[in-house]
Amino acid sequence: MFDLAISGRNICTPEGMREGVVLVKDGIIVDILPGLTGEVSQTEIDIGKSLLMPGIIDPHVHINEPGRTDWEGFNTATRSAAAGGVTTLVDMPLNAEPVTTTADAFDKKLAATEGQLHVNCGLWGGIVPGNGPEIEKLIDKGVLGFKAFLTHSGIDEFPNVTEMDLHEAMPIIARHQLPLLVHCELTTNVQPPPAGNEQSYKNYLSSRPRQWEDDAIALMIRLCEQYQCRVHIVHLSSASSIEQIRQARQKGLPITVETAQHYLYFNAEEIPDAQTAYKCAPPIREKENNEQLWQALQEGIIDFVATDHSPAPPAMKEINSGNLMKAWGGIASLQLALPVLWTAARQRNIPVANMARWLCEKPAQLPGLQKSKGQIAKGFDADFVVWDPGKPFRVTAEALHHKHKITPYINQELYGVVEQTWLAGQLIFEQGSFPVLNKGKIITP
């Protein structure tokens with residue numbers, strides 16, 4: 001007796017696309033068969049030509065609660081995730097207040113999630129100067145890994161680390177075989193030109209040169225080799241670092257890399273001045289650079305794609321002034337993770353099956369979820385997204401569920417409409433509505 005049977009012609013499995021039926025019992029995939037055998041006690045559906053893919057995993061999301069829920073909160077963020085087919089996300093340790101750099105702060109964040117999780121959520125801990133004694137306490141609490149900045153994070157409560165701080169933290173993290181996620185920009189090595197016109201995107205771009213990233217990544221490769229600590233480079237934007245990452249991987253170093261949808265969809269040449277919705281750090285770079293990121297993603301040098309969802313109130317985004325130098329750097333895109341990446345990929349004749357690798361299978365590995373999530377396979381959690389890759393839609397603010405609707409994707413025509421989202425065998429989103437809420441759980445190691 002099965003709880004759920006989903007039949008379809010396009011089921012995305014690790015072996016490739018296949019026709020068949022996915023059978024679920026107690027929230028777990030029991031089998032994938034050519035046809036239904038046995039009885040179904042609750043739900044039996046046929047999704048026809050729509051594509052059944054594992055639920056998306058986004059390990060780079062800024063939710064900001066507690067303390068800055070006016071920026072974003074667990075309720076709005078996880079609704080947005082569910083509407084976009086994201087069934088598991090991992091929340092970053094900064095922008096909340098307090099930041100998640102102590103065991104006490106972890107408890108406060110955990111308490112803030114109660115009754116507000118519509119998808120599964122894990123928590124990263126933070127590494128800041130002086131919190132070495134808290135690292136193992138945070139591990140005991142259940143963080144999935146740690147995040148550090150090599151430049152100012154944007155908020156003073158989460159200062160950047162120095163190489164000396166990393167020498168203290170990395171041996172501890174390595175001992176527990178957890179990942180260290182690093183924002184790689186070293187802002188002390190090259191002085192950029194003066195900003196000049198603060199509404200100019202070109203001036204903003206030149207204020208954060210590629211060399212900041214390249215030097216920071218070189219530092220992390222060296223420390224990764226020294227301590228054999230798992231290092232993960234977040235939101236890679238500089239294609240100039242691809243070769244040194246390739247060489248590090250060839251040496252067998254435990255280093256992984258993500259890029260973000262906005263570096264693959266937008267190009268600096270097309271960004272208008274004074275449009276602060278496009279501002280992020282590192283910045284969106286030129287088309288030639290971004291095509292190299294695409295190539296590295298297809299070659300597997302870049303492991304996966306994550307949104308770095310980071311909304312802020314309109315005043316912080318300097319919407320009225322258009323001041324790119326002063327505006328908060330962060331792009332809101334959690335709900336659009338799948339269609340943005342797919343729209344850009346289909347223009348390059350990239351197979352739709354790659355979406356499962358870059359948004360599900362590979363991201364599951366970073367927080368250690370690869371044995372239960374990210375694949376449609378026996379024994380895996382029954383987290384699914386049903387979507388139509390051939391159907392276009394126009395992004396409107398009204399359809400977005402995250403707190404602030406400021407995003408550079410407004411009015412963009414995207415392909416890939418999310419029709420249903422399933423969490424542990426339960427339908428949590430369908431055709432714009434939420435049949436059930438509060439079904440998400442906290443993910444721990």
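The values are calculated or read from the model by the stated rules, or taken from the named source; none is laboratory data. Treat the numbers as computed from the prediction; the structure is a model and nothing was measured. Cβ coordinates were reconstructed from backbone atoms using ideal geometry, including for glycine residues, and neighbour counts include every protein chain displayed. In case anyone asks, the SASA skips ligands and DNA or RNA and just uses the protein heavy atoms, side chains included. Shrake-Rupley method; radii C 1.70, N 1.55, O 1.52, S 1.80 Å.
Check P34, P98, P59 and return the single one that is touching a residue at least 60 places away in the same chain (Cβ under 8 Å) and not small (G, A, S). Working first, answer last.
Details: P34 fails: touching a residue at least 60 places away in the same chain (Cβ under 8 Å); P98 fails: touching a residue at least 60 places away in the same chain (Cβ under 8 Å).
Only one candidate passes the filter, namely P59.
Here the condition is being under 24 Å from G196 (Cβ atoms), among the β-branched types (V, I, T) and modelled with pLDDT of 95 or more; of T259, T307, T276, it holds for T276 alone. Take A344 and decide whether it is small (G, A, S) and farther than 19 Å from H404 by Cα. Spelling it out, A344 is indeed small (G, A, S) and farther than 19 Å from H404 by Cα. Applying the set (1) open to solvent by 10 Å² or more (accessible area, probe 1.4 Å); (2) of a type in the set (K, R); (3) in contact (Cβ under 8 Å) with a residue 24 or more places away in the chain to R175 leaves exactly one unmet item: (3). Among the residues that make up the range 139-146, is at least one of them of a type in the set (D, E, K, R) and either modelled with pLDDT under 95 or crowded, with 24+ Cβ neighbours inside 10 Å (or both)? Looking for residues that are of a type in the set (D, E, K, R) and either modelled with pLDDT under 95 or crowded, with 24+ Cβ neighbours inside 10 Å (or both), one finds none in the range 139-146, hence no. In the range 355-403, of all residues being under 22 Å from I302 (Cα atoms) and among the small types (G, A, S), the one that is surrounded by the fewest Cβ atoms within 10 Å (Cβ to Cβ) corresponds to G368.
Here's the yes/no breakdown for (1) part of a strand (DSSP E or B); (2) farther than 14 Å from W422 by Cα:
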{"position": "D3", "(1), (2)": "yes, no"}
{"position": "I6", "(1), (2)": "yes, no"}
{"position": "R9", "(1), (2)": "yes, yes"}
{"position": "M17", "(1), (2)": "yes, yes"}
{"position": "L23", "(1), (2)": "yes, no"}
{"position": "I32", "(1), (2)": "yes, yes"}
{"position": "T37", "(1), (2)": "no, yes"}
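Within the range 313-333, residues that are hydroxyl-bearing (S, T, Y) have Cβ atoms under 7 Å from residues that are surrounded by 20 or more Cβ atoms within 10 Å (Cβ to Cβ) and assigned to a loop (DSSP other than H, G, I, E, B) in these pairs: S333/T307; S333/T407; S333/Y409, counting only partners at least 6 apart in sequence or on another chain.
Among the residues of the range 44-68, what is the count of those that are part of a strand (DSSP E or B) and touching a Lys or Arg at 6+ places or on another chain (Cβ under 8 Å)? Explain how you work it out, then say what you get.
First, the residues of the range 44-68 that are part of a strand (DSSP E or B): 44-46, 51-54, 56-61.
Cutting the leftovers down to touching a Lys or Arg at 6+ places or on another chain (Cβ under 8 Å) gives us 54, 57.
Number satisfying all stated conditions: 2.
Going through the range 256-281 one residue at a time, which ones are aliphatic (A, V, I, L, M) and within 17 Å of the chain's Cα centre (by Cα)? Spell out how you get there, then give the answer.
Taking the range 256-281 first, the residues aliphatic (A, V, I, L, M) are 257, 260, 264, 268, 271, 274, 277, 281.
Across the range 256-281, the qualifying residues are V257, A260, L264, A281.
With respect to (1) farther than 26 Å from F106 by Cα; (2) open to solvent by less than 20 Å² (accessible area, probe 1.4 Å); (3) β-branched (V, I, T), the lone exception for I32 is condition (2).
Cβ-Cβ distances below 7 Å connect the following pairs, each with a first residue in the range 407-422 that is closer than 8 Å to R394 by Cα, a second residue that is assigned to a strand (DSSP E or B) and of a type outside the set (K, R), and a separation of six or more residues or different chains: E413/P392; L414/P392; L414/F393.
Could you look through the range 83-123, keep only residues that are among the polar types (S, T, N, Q) and assigned to a strand (DSSP E or B), and pick out the one that is nearest to A148 (Cα to Cα)? Talk me through it step by step, then tell me what you get.
From the range 83-123, those among the polar types (S, T, N, Q) are 87-88, 95, 100-102, 113, 116, 120; that's our starting set.
Then keep just the ones that are assigned to a strand (DSSP E or B); that gives 87-88, 120.
Details: T87: 25, T88: 22, N120: 23 Å.
Ranking the candidates gives T88 first.
Note on the range 139-191: residues that are among the aliphatic types (A, V, I, L, M), within 23 Å of W71 (Cβ to Cβ) and out of contact with any His (no Cβ under 9 Å at 6 or more places or on another chain) total 3. Applying the condition of being of a type in the set (V, I, T) and in a helix (DSSP H, G or I) to the range 187-231 and asking which residue is least open to solvent (accessible area, probe 1.4 Å) yields I217. Among the residues of the range 224-275, which ones are β-branched (V, I, T), in contact with a helix residue (DSSP H, G or I) (Cβ under 8 Å, 6 or more places away or on another chain) and within 25 Å of H62 (Cα to Cα)? If the condition is that a residue be β-branched (V, I, T), in contact with a helix residue (DSSP H, G or I) (Cβ under 8 Å, 6 or more places away or on another chain) and within 25 Å of H62 (Cα to Cα), then V231, I233, I255, T256, V257, T259, I271 are the ones that fit. Kindly establish whether I155 is surrounded by fewer than 21 Cβ atoms within 10 Å (Cβ to Cβ) and under 23 Å from L369 (Cα atoms). So I155 does not fit the description; no.
When you look at L138, is it closer than 22 Å to S153 by Cβ and part of a helix (DSSP H, G or I), yes or no?
Against the criterion (closer than 22 Å to S153 by Cβ and part of a helix (DSSP H, G or I)), L138 qualifies.
Of everything in the range 306-335, what is open to solvent by 10 Å² or more (accessible area, probe 1.4 Å) and either closer than 21 Å to L366 by Cα or part of a helix (DSSP H, G or I) (or both)? Give them in sequence order. Selection gives D308, Q335.
Hey, among the residues in the range 61-98 that are among the charged types (D, E, K, R) and under 17 Å from G330 (Cα atoms), which one's most open to solvent (accessible area, probe 1.4 Å)? Ranking the candidates gives D70 first.
I need the full set of residues from the range 248-305 which are among the charged types (D, E, K, R), buried (at least 19 other Cβ atoms within 10 Å of the Cβ) and either at positive phi or not in a loop (DSSP other than H, G, I, E, B) (or both), in order please. Matches in the range 248-305: E258 only.
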